[in-house]
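The structure under discussion appears below in the form of C-alpha cells.
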C-alpha cells in the first residue's frame, strides 16, 4: 500500500532526525493502517511502540490515544474485558485533561463494548452521555457515530422505528462529511436492521408481503454497503456484508447465493482472524508489561545515579570555589611569588585550552553527525517528491520552482493520476527544517492514501481525509501546548477531456492569468489540520479552461522574502506584476526568471522561508 510505504519513509526520516514526536506518530499511523487491513498483530506491535515513546516523552494525550488504539485491537478480537481495561484507563486520563471531545470518544467506545456484552442499559447511558459531549464540542463526525450507536441499541430492544430515525441522522451527516467508511458502516447497519425487523414481523404473523419487502430493502442497503467497502478496501465492512447477504439469501430461499456469500465471508474471516494472531497479541501485551516494569526500574536507578553525581558535582564546585579564593589570597598577599604563580596559571590555561580544543572537536563531530543525518533525510524527502519526468508526462507545459530554506523542507509538491483526472498540489506545512520535513512526508502519505487507495478525486473530499489523518496522527484536540501542525495548500483535479479543473484552496489562493488579466481565487480561511474554531467543509471551485490559460500554485515563501534596496518583503503586488510580465515567455523561461529575480532581490541576505511555485499553461 502507498500509505504504508510513505509512512515507513516518514518513520525513517523521524528516526534519522531523532524526532520522537514524529516517530510516535508514525508508529501509530502504521498501526492504524495495519488495523484497517485486519493485520491486528502487527498493528498492536506498532501501537505499543508508540505508547512507549509517548510515555518516555510525557505526552499524556498520546498515551491516552495509544491506550484507546490497543483497546480497539482487543475489541476486534472480542476480548471485551481487556478492551474495557484499556479504554477505562484512557477515559480516566481524558477526564483529567478535561478535553470534552476525547472524553466523548471514550464514552462512545465503552458504550459499544457494553452493547456487545448485551448490557443495553449501560450502553445507552454511555452513548447518550457521549452524544451530549459531542454536541457541546460541535463534533459532527462524532455526532454521526453516536446517533448510529444509539440506533443499534434501540434495534436490539426491538424499537425499530426509533432505530431508523437515529440511523437516518447518522447516514445524512456522514454523507455530508464525505466519510465513505462511515457511509458503508451505517448503510450496512440499516440493511441489518431491516433484516432483523423482517424476522421480527415474520415471527409475529405479519402479512407475507410486508416482511418480504423488508428483506428486499435489507438486501439493497447491504449491497450498497458492500460496493462502498470494496471501493475503499474496508475488509471488516466487506466481511460483515458477505455474512448478512448470505443470511438474506437464505431467508429468501436462495441457497446457492446464500452458500456463495457464506464462503466469501469465511474466507475473509480466516484471513483477518487466526489463533496465531491471538497468541502473538497476548505475547506482545505481556512483553510490553515486562519491558515497562524493567524501564521504570532502570529509570529509578538512573535517577539515583544522577542524584549522586549531582551531589559530587556540588562538592567539586564548592571546593573549586574555595581553592580559587585561596589562590587569589596567595596572589594578593604574596606578590613576591608572582612569577611562580604565573607559571601555574599558564599550565592551567594550557590544560583549559586543551579541554576547549577537545570539546570543540567533539562539537564539530556531533555537528557533522547531525548534518549527515539531515542530508540523509533530504534524500528521503527527494525520493518522495515527484520526478521531473513524471511531472512533464502529466503536465507537459509546466514548471516547478522549489527552493528549500534548509536542507530539508516544509513545502512539498505532489502529483498523481486517478480515474482520468490529474491531481496535483503545492503545499506549505507548518515550519521549515526538521518539523516541516516530517509534516511534508506525513501529508504526502495521507494524500496517497486518500486518492490512490480510497479513490477520492474531489479536491474538497481529499482535504477532508487529509485533515482527519493529520488530526488523528498528531492527536490534535485543542489542548494548550500540543502540536497544532497542518498545511496551507492548493489542490487541483484536472480533467483534460472536459477541459475543466476543480480546485480547493486552504489559506492560499490560486492565480489564473487569462489574456492580460490576473484573477485571484477565493480561499478557505482554514488550514488542512486542526482548527481551534469550528472546522468547516472545504469549498470546491471549478474552472472551465480556455486556450493559453495559465495557473499558478505557490507557498508564501516567495512573497515573504526580504531584500531589495530597503530590506522589505517582495510582497504579493510585486509578485503579481512579475507573473503578468512573464506571459509572453515559455514556462521554462518563466522558471528561470522567477529564480533569478528572487535571488537578486535576496542578495546576500538569508532566505526567509521555503519557496515553491508551480506554473501550468493549457493549450
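Go through segment 574-594 residue by residue and tally those that are touching a strand residue (DSSP E or B) at 6+ places or on another chain (Cβ under 8 Å), in a helix (DSSP H, G or I) and surrounded by fewer than 16 Cβ atoms within 10 Å (Cβ to Cβ).
2
Does residue 48 satisfy being under 13 Å from residue 32 (Cα atoms), at pLDDT 90 or above and outside the structural domain of residue 475 (by TED's automatic domain parsing)?
yes
Residue-by-condition table, conditions (1) surrounded by fewer than 20 Cβ atoms within 10 Å (Cβ to Cβ); (2) closer than 17 Å to residue 74 by Cα; (3) within 18 Å of the chain's Cα centre (by Cα):
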| position | (1), (2), (3) |
| --- | --- |
| 22 | no, no, yes |
| 25 | no, no, yes |
| 30 | no, no, yes |
| 34 | no, yes, yes |
| 37 | yes, yes, yes |
| 41 | yes, yes, no |
| 46 | no, yes, yes |
| 51 | no, yes, yes |
| 56 | yes, no, no |
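Return a yes/no flag: does segment 182-189 have any residue that is farther than 23 Å from residue 460 by Cβ and not assigned by TED's automatic domain parsing to the domain that holds residue 540.
Looking through segment 182-189, at least one residue is farther than 23 Å from residue 460 by Cβ and not assigned by TED's automatic domain parsing to the domain that holds residue 540.
Residues 162, 158, 196: which one is surrounded by fewer than 20 Cβ atoms within 10 Å (Cβ to Cβ) and either in contact with a strand residue (DSSP E or B) (Cβ under 9 Å, 6 or more places away or on another chain) or in the same structural domain as residue 226 (by TED's automatic domain parsing) (or both)?
None of the other options fit; the residue is 196.
Would you confirm, using the coordinates I've provided, whether residue 170 is at pLDDT 90 or above and farther than 25 Å from residue 122 by Cα?
no
Checking the conditions here, which among 415, 391, 456 is in the same structural domain as residue 506 (by TED's automatic domain parsing), within 20 Å of the chain's Cα centre (by Cα), free of Cβ contacts under 8 Å to residues at least 60 places away in the same chain and surrounded by 18 or more Cβ atoms within 10 Å (Cβ to Cβ)?
The match here is 415.
So for segment 537-553 (the condition being in a loop (DSSP other than H, G, I, E, B), touching a helix residue (DSSP H, G or I) at 6+ places or on another chain (Cβ under 8 Å), modelled with pLDDT of 95 or more and more than 30 Å from residue 472 (Cβ to Cβ)), does at least one residue qualify?
Scanning segment 537-553 turns up no residue that is in a loop (DSSP other than H, G, I, E, B), touching a helix residue (DSSP H, G or I) at 6+ places or on another chain (Cβ under 8 Å), modelled with pLDDT of 95 or more and more than 30 Å from residue 472 (Cβ to Cβ).
When segment 509-536 is examined, which residues are found to be assigned to a strand (DSSP E or B) and at pLDDT 90 or above?
511, 512, 513, 514, 517, 518, 519, 520, 524, 528, listed by residue number.
Go through segment 201-230 and count every residue that is in contact (Cβ under 8 Å) with a residue 12 or more places away in the chain, farther than 14 Å from residue 189 by Cα and touching a helix residue (DSSP H, G or I) at 6+ places or on another chain (Cβ under 7 Å).
2
Which count do you get for residues in segment 418-450 that are without any contact (Cβ under 8 Å) to a residue 60 or more places away in the chain and under 15 Å from the mean Cα position of the chain (by Cα)?
Adding up the residues that qualify gives 5.
The values are calculated or read from the model by the stated rules, or taken from the named source; none is laboratory data. Quantities reported herein were computed from a predicted structural model and do not represent experimental measurements. Methodologically, a virtual Cβ is constructed for each residue, glycine included, from the backbone with ideal geometry; neighbour enumeration extends over all protein chains shown.
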